[in-house]
Amino acid sequence: MSYVLFLMYGVLFSWLLTKSRFVMDAGLSSRIIIALFLLKVLTGCVHAWILLRMSSLPDTIVFHREGIIEYHLLFNHPKEYFINLFQSNYDTGYGGLFSSTNSYWNDLTGNLLIKFLSICDIFSFGNYYVNVIFYNAVIFFGAIGLYRVYNCIYPGNKYLLTGTCFLLPSLIFFSSTIHKDGVILTAIGIAVYNIYVALNTSGFTIKRSIYILLALGFMFLQRNYVLLAFLPAAFAWIVGVVKKYPPLLTFFITYVTGIIIFFNAGLVSAGLNLPNKLVNKQVAFNHLTTSATYIATDTLLPAFKSFVHNAPQAINHSLLRPLFTDSKRSRSLLPLVVELFCYQLLLVLFIFYRNKKTTTDPFIIFGYFFSFTVLLIIGYTVPVIGAIVRYRSIFLPFILTPIICSIHWINVKAIFNMKK
């Protein structure tokens, strides 16, 4: 029965995606759309199978089991099902908006996903692998949104963009499994697509604004620091385009102002002490010392000097790990080491074979400022290489797409032909 359901829903959602105007307007053929979707589904299933061999209870299975509990609650105690999402079980009530533990808001990130899975269970009869199909059918729209933006900026690079927006190994591996990462990528993709269209064609209509606000809301509820990194970058992007200010200068002024606010907002209210929030997040993550890929991080203090001092280490951890020597910690890191090495080779090609006619669209600058801000936060707070790679994966398109699409591939091909 489960195999029949899996095949039936796989075919059904593949067909539905090809009937979606938003998806097909991306300019990809029906065959490519179906192939990308089915690849994501299979990757999500394989990843879950690998996780089950490595751990008896990985997070994705925890979400699945909690979803089944909620599914039964829906039919046995429907009132409780509909109200428990809004109930806090902590003495602090609905406080601790930025807390990493023992907080209603921290639990809400997983509870929303669990509610979604409980609805999926109505149609999947509680089958995890069928739910992978439902999950990927939803998050596919985020990747399409991101692809459509880059397709406007780099027209004629369909296959390169397919690779950077869908097929980067760690991106497809971690975003295709039932977890928060795919949800965040979807929220980012929907937000940037609607902002880009609003700035370049339609304006900020009510419809566009609602889509943007909903996406920002999901971004905040899944990982609030992603939204905090997104807002200043989006503000600089929008202001620069609307006012026709020089993009780099606009981003520079916005971020200098943002840094000043970041380190001084606590003077207005203790609840706005954002540096202290990051320090607490680092403390919470440092409890994961039992992880095989744990790496020591310098203690972060809620002061500007400490953030500057820790910045090189944070950049090293979030952008340059895992190293080849890190594979000794866990064999599972070896494919990630090879992947990162390939990206470094692409950077070398970009430096020496860069196309002189590359675009300077403000969105490219937005992507770099946004992604590097998030990666800096990850580097400051996360001391586990496995987690760093997973969190980093959904921001790779913002870094790699401009690099890959700006390489003069004809010249690169000519060099290799000469060597032959």
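Which whole-number percent gives the relative contact order of the chain, counting Cα pairs below 8 Å spaced six or more residues apart?
Contact order relative to length: 16 percent.
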Please report, as a whole percent, how much of the solvent-accessible surface of the range 74-205 comes from carbon and sulfur atoms (probe radius 1.4 Å).
63
Dipole magnitude of the chain, debye to nearest 20 (Cβ charges: Lys/Arg +1, Asp/Glu -1, about Cα centre)
1340
If one computes P(r) from the Cα atoms of the range 1-148, what percent of pairs lie at distances over 21 Å?
55
Could you pull out every whole DSSP H run in the chain that spans at least 18 Å of Cα extent along its own axis and averages -1.0 or higher on the Kyte-Doolittle scale?
2-18, 30-54, 59-76, 104-124, 128-153, 180-197, 206-222, 224-243, 247-264, 304-320, 334-352, 362-381
Kirkwood Rh over Cα pairs of the range 324-376 into Stokes-Einstein at 4 °C, 1.567 mPa s: D in µm²/s?
95
Gap in Å between the Cα centre of the range 251-300 and the Cα centre of the range 99-173?
27
Specify whether the C-alpha gyration tensor of the range 267-420 places it in the rounded, prolate or oblate class, a ≥ b ≥ c being the square roots of the eigenvalues: rounded for a/c under 1.5, otherwise prolate if a/b is larger than b/c and oblate if not.
oblate
Cα shape, the chain, gyration tensor, a/c 1.5 rule
rounded
In angstroms, what radius of gyration and Dmax does the range 151-225 have, counting Cα atoms only?
14.0, 37
Heavy-atom accessible area per residue of the chain, all protein chains kept, 1.4 Å probe, expressed in Å², is 50
Determine the relative contact order of the range 162-314: mean sequence separation of Cα pairs under 8 Å and six or more apart, normalised by residue count, in whole percent.
12
Mind scanning Lys277/Lys328; Lys357/Lys413; Lys19/Lys158; Lys40/Lys115; Lys158/Lys244 and naming the pairs with a C-alpha gap bigger than 24 Å?
Lys277/Lys328; Lys158/Lys244
Proximal charge balance of Ser406 [Cβ under 13 Å; K/R count +1, D/E count -1]
+2
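The values are calculated or read from the model by the stated rules, or taken from the named source; none is laboratory data. The structure displayed is predicted, hence computed values, not measured ones. In this analysis, Cβ positions are derived from the backbone assuming ideal geometry, glycine residues included, and neighbour counts consider all displayed protein chains. With ligands, DNA and RNA removed, areas are computed over all heavy atoms of the protein, side chains included. Shrake-Rupley method; radii C 1.70, N 1.55, O 1.52, S 1.80 Å.
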